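Chemist: Next up is a structure, given as structure tokens.
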Amino acid sequence: MKLYVNQKTAYRSYVINLIAVVLVFLLLKGLMSAGIINSYVAGVCMTVMINIILAASLTLTTGLLGQIALGHAGFMSVGAYSAALLVKHAKDSGVVLSTPDGITPAGYGYFLLSLLLAGVVAAFFGLIVGIPALRLKGDYLAIITLGFGEIIRVIIENVKFTGGAQGLSGIPRLASFDVVFWLTALIIAILFAFVRSRHGRAIKAIREDDIASEACGISNTYYKVMAFTMSAFFAGIAGAIYAQQMAVLGAKTFNFLKSIDILVIVVLGGLGSLTGSIVAATGLTILPEALRSFSEYRMVIYSLALIIVMIFKPSGLFGNYEFSLTHLLSKLRRPKSNTPAAGGESKQKEVTKA
Amino acid sequence: MDGFVIFINQIINGIQVGSIYALVALGYTMVYGIVKLINFAHGDFIMVGAYVSLFSVPLLVRMGVPAWLCIVLALAACALLGVVTERVAYKPLRNAPRITALITAIAVSLLLENLCMLLFSSSSKPFPTVFNKSIFNLGGVQFNSITLITIVLSVISMILLQLFVKKTKMGKAMRAVSEDGGASILMGINSNTTISITFAIGSGLAAIAAVMYCSAYPQVNPYMGSMLGLKAFIAAVLGGIGIIPGAMLGGFVIGLVESLTKAYISSQLADAVVFGILIIVLLVKPTGILGKNIGEKV
């Protein structure tokens, strides 16, 4: 078996993937300017991207670390509220964030600043939740994260500065399609790099066997908390984008069903497969929208589809498989050189992208 | 003495809600004990039980039978639903990763909720009177017959369940399967039947809880099960999931904490306090109040 580990193939794969992302971007922009994608579909695209970030961030905890977390919506809400409060404050203190023609440079600046703030605040919450919670494993961790998520929601509903049960409204809509698209691509790239880094491998080792990995000198607590905090960071960013897309926030949105929605995406896509969760996030966001004409039946169809997929494909749609464009291209070019067994193939892919 | 009377009333309320939580928590704990699955659809079994009794009460009254017999119909319907759910949705996943079964349970819960919404609309329906409501007065402390029936009925159900699990052959089989599924098969226990019976009993208890809950809060809607189920589930974890007395203890603790918080602190914060207690207990004693600490073998 041939391993592609040299620098040159790595750069080539970066370039290929970048070109692919640019092509997708140009395609979407082209469809938008041609009027084929109307503002409703563009809104769905934004939701898809938010869900991709959420699912990809939860993949860190659930796929990579192998722990079930049911409180992801809590981190999302923390991010959403901190970003919303920041931009609202900026607007109230007289900064011109957007004109009827579009978002001003100050608006873009505040948008990015709010995302950073949202990520940092959510990561801080992730840290204080993670340190005690990650002492537990499996179902107990699931329950305790559920508890923390619900507590965050109840607190947001009951303190003054978040607008209480009425929620926040009048948040400037600063999330523009272009910026969010590139942010999503950047976050996915960072996550891919992280999963394949030495830290990512350490976290995978903990997933496979925590006692053995501890014996190999991997600090379990450190890496568990690291994965959990990173996952909260990106969930916070997703929340911030959500807040500035919807312009209104209510704590009820971020209840435990929202956490479950995100978990469903991750599991359906395949645990441990980032590309799987991207595909599942896209599919599961578009499916209910596409079924809008049967709105009475859509949740029934959704839940039935979920049961059927789980029964017939318990490992999720992608399983552990990661789709790799570089690999696909080299396969197309040299169909003969690709005869190793399936197991070897997936290993090869891991190295190709490294 | 007024403050004292209010306090006693809150305690009685707490015990009433707590016994409903305990009944539901028993279903969670028995299922978890035997298949290691958090049955997220259990809360929705309560909702189905409530709908079945809602529709059976007029029929029973027309036939001239007492309305409280709707418990029997609800019990049978829920037990059947539990067994069918297990056979169709959970059994194929018994050897799959645990999270897959968890997601399937969530999907079953969504399916039941949305089917009921489709069939009966999402608006709340009033629940008919099943038990006569008479009010007793005991030295200034007021409580009604529904409170009394709820507490008595749930205590009887718990005692019967304990006797069943401890004294009968089937109960012994249940304990064996939950201890070691593989070994119990080798001992000639039909583990599939045992698991089905566990689901039937757990769901049946949910049906009893449904009738009691609807008598106290006479409203039925497709979402009534989710929060009730979540609280009961917390009760099960608090007491030590998989342990039957633990579920009862957890149920009463959650019920009391909730009603005292509502009375003395804030009704909005009641959920947060309940979750806070859960977190503290899990951090101090990760397997719950009555849980045994099983060491990890390398």
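The values are calculated or read from the model by the stated rules, or taken from the named source; none is laboratory data. Predicted model, so just to flag it, every value in this text is computed and none were measured. Note that each Cβ is placed from the backbone with ideal geometry, even for glycine, and that neighbours are counted across all protein chains shown.
A quick yes/no check of all residues on (1) in contact with a Lys or Arg (Cβ under 6 Å, 6 or more places away or on another chain); (2) of a type in the set (D, E, K, R); (3) modelled with pLDDT under 90:
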residue: B:Thr147; (1), (2), (3): no, no, yes
residue: B:Ile156; (1), (2), (3): no, no, no
residue: B:Leu163; (1), (2), (3): no, no, no
residue: B:Glu179; (1), (2), (3): no, yes, yes
residue: B:Asn190; (1), (2), (3): no, no, no
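Chemist: Given the residues A:Leu304, A:Leu263, which is the only one that is within 22 Å of A:Gly71 (Cα to Cα) and of a type outside the set (D, E, K, R)?
Modeler: Residue meeting the stated conditions: A:Leu263.
Chemist: Would region B:86-98 turn up any residue that is outside any strand (DSSP E or B), at pLDDT 90 or above, small (Gly, Ala, Ser) and within 22 Å of the chain's Cα centre (by Cα)?
Modeler: Within region B:86-98, one or more residues are outside any strand (DSSP E or B), at pLDDT 90 or above, small (Gly, Ala, Ser) and within 22 Å of the chain's Cα centre (by Cα).
Here's the yes/no breakdown for (1) surrounded by fewer than 16 Cβ atoms within 10 Å (Cβ to Cβ); (2) farther than 30 Å from A:Leu136 by Cα:
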| site | (1), (2) |
| --- | --- |
| A:Val21 | no, yes |
| A:Val24 | yes, yes |
| A:Leu27 | yes, yes |
| A:Gly66 | no, no |
| A:Leu70 | no, no |
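Chemist: Name, by its number, the condition in (1) surrounded by 24 or more Cβ atoms within 10 Å (Cβ to Cβ); (2) over 29 Å from B:Ser267 (Cα atoms); (3) in contact with a Lys or Arg (Cβ under 9 Å, 6 or more places away or on another chain) that does not hold for A:Gly130.
Modeler: The single condition A:Gly130 does not satisfy is (2).
Chemist: Related question: Is it fair to say B:Gly225 is within 14 Å of chain A (Cβ to nearest Cβ), buried (at least 23 other Cβ atoms within 10 Å of the Cβ), modelled with pLDDT under 90 and not in a helix (DSSP H, G or I)?
Modeler: no
Chemist: Right, A:Phe161: over 20 Å from A:Phe111 (Cα atoms) and not in a helix (DSSP H, G or I) or not? Full working, then the answer.
Modeler: Values: over 20 Å from A:Phe111 (Cα atoms): yes; not in a helix (DSSP H, G or I): yes.
Yes, satisfied.
Chemist: Only one of B:Leu102, B:Leu111 is at the interface with chain A (Cβ under 8 Å from one of its Cβ atoms), closer than 20 Å to B:Ala41 by Cα and at pLDDT below 90; which?
Modeler: B:Leu102
Chemist: Do the conditions hold for A:Ile50, that is, is it within 22 Å of the chain's Cα centre (by Cα) and either closer than 20 Å to A:Thr184 by Cα or charged (D, E, K, R) (or both)?
Modeler: The answer is yes for A:Ile50.
Chemist: Which of the residues that make up region A:298-327 are touching a Pro at 6+ places or on another chain (Cβ under 8 Å) and at pLDDT below 80? Spell out how you get there, then give the answer.
Modeler: Start the filter on region A:298-327 by keeping residues that are touching a Pro at 6+ places or on another chain (Cβ under 8 Å), which leaves A:298-299, A:302, A:311, A:314-315.
Hit for region A:298-327 is A:Arg298, nothing else.
Chemist: Looking at region A:249-273, which of the residues that are closer than 28 Å to A:Glu157 by Cβ and among the small types (Gly, Ala, Ser) is farthest from the other protein chains (Cβ to nearest Cβ)?
Modeler: Going through the qualifying residues, I end up with A:Gly250.
Chemist: Additional query: Which condition number does B:Tyr51 fail, the rest of (1) crowded, with 18+ Cβ neighbours inside 10 Å; (2) touching an Asp or Glu at 6+ places or on another chain (Cβ under 9 Å) being met?
Modeler: (2)
Chemist: Taking the residues in region B:68-99 that are crowded, with 18+ Cβ neighbours inside 10 Å and among the small types (Gly, Ala, Ser) as candidates, determine which candidate is farthest from the other protein chains (Cβ to nearest Cβ).
Modeler: B:Ala74
Residue-by-condition table, conditions (1) at pLDDT 90 or above; (2) within 19 Å of B:Gly246 (Cβ to Cβ); (3) in a helix (DSSP H, G or I); (4) in contact with a strand residue (DSSP E or B) (Cβ under 6 Å, 6 or more places away or on another chain):
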| residue | (1), (2), (3), (4) |
| --- | --- |
| B:Leu23 | yes, yes, yes, no |
| B:Leu26 | yes, yes, yes, no |
| B:Ile38 | no, yes, no, no |
| B:Leu59 | no, no, yes, no |
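Chemist: Hey, another quick one. Hey, A:Ala55 hits all of (1) under 29 Å from B:Val284 (Cα atoms); (2) within 14 Å of chain B (Cβ to nearest Cβ); (3) part of a helix (DSSP H, G or I) but one; which does it fall short on?
Modeler: (1)
Chemist: Could you identify the single residue in B:Leu54, B:Leu26 that is more than 10 Å from chain A (Cβ to nearest Cβ), touching a Lys or Arg at 6+ places or on another chain (Cβ under 9 Å) and not β-branched (Val, Ile, Thr)?
Modeler: It is B:Leu54.
Chemist: Tell me the residue from A:Ala123, A:Ala90, A:Ala84, A:Ala69 that is more than 18 Å from the chain's Cα centre (by Cα) and within 18 Å of A:Phe234 (Cα to Cα), please.
Modeler: Of the residues listed, the single one that is more than 18 Å from the chain's Cα centre (by Cα) and within 18 Å of A:Phe234 (Cα to Cα) is A:Ala84.
Chemist: What residue, among those in region A:138-189 that are closer than 25 Å to A:Leu115 by Cβ, under 23 Å from the mean Cα position of the chain (by Cα) and within 14 Å of chain B (Cβ to nearest Cβ), is surrounded by the fewest Cβ atoms within 10 Å (Cβ to Cβ)?
Modeler: So the residue we want is A:Ile151.
Chemist: From the list B:Gly43, B:Gly64, B:Gly18, B:Gly27, exactly one residue is of a type outside the set (A, V, I, L, M) and surrounded by fewer than 16 Cβ atoms within 10 Å (Cβ to Cβ). Which is it?
Modeler: Details: B:Gly43 fails: surrounded by fewer than 16 Cβ atoms within 10 Å (Cβ to Cβ); B:Gly18 fails: surrounded by fewer than 16 Cβ atoms within 10 Å (Cβ to Cβ); B:Gly27 fails: surrounded by fewer than 16 Cβ atoms within 10 Å (Cβ to Cβ).
Unique residue meeting the criteria: B:Gly64.
Chemist: Oh, and also: Look through B:Leu290, B:Leu249, B:Leu230, B:Leu238 and report the one residue that is surrounded by fewer than 23 Cβ atoms within 10 Å (Cβ to Cβ), more than 9 Å from every other protein chain (Cβ to nearest Cβ) and in a helix (DSSP H, G or I).
Modeler: Going through B:Leu290, B:Leu249, B:Leu230, B:Leu238 in turn, the sole match is B:Leu249.
Chemist: Here is a list: A:Ser273, A:Ser277. Which entry is crowded, with 16+ Cβ neighbours inside 10 Å and farther than 27 Å from B:Val88 by Cα?
Modeler: None of the other options fit; the residue is A:Ser273.
Chemist: Residues being within 14 Å of another protein chain (Cβ to nearest Cβ), surrounded by 15 or more Cβ atoms within 10 Å (Cβ to Cβ) and more than 21 Å from the chain's Cα centre (by Cα): count how many of those fall in region B:116-146.
Modeler: Total meeting the criteria: 2.
Chemist: Go through region A:316-333 residue by residue and tally those that are away from chain B (no Cβ under 14 Å), surrounded by fewer than 17 Cβ atoms within 10 Å (Cβ to Cβ) and under 23 Å from the mean Cα position of the chain (by Cα).
Modeler: Matching residues across region A:316-333 total 2.
Chemist: Just to confirm my filter: which helices (runs of 4 or more DSSP H) fall fully inside region B:121-208 and include at least 3 residues that are under 17 Å from B:Tyr28 (Cα atoms)?
Modeler: In region B:121-208, B:145-167, B:169-179 are the helices (runs of 4 or more DSSP H) which contain 3 or more residues that are under 17 Å from B:Tyr28 (Cα atoms).
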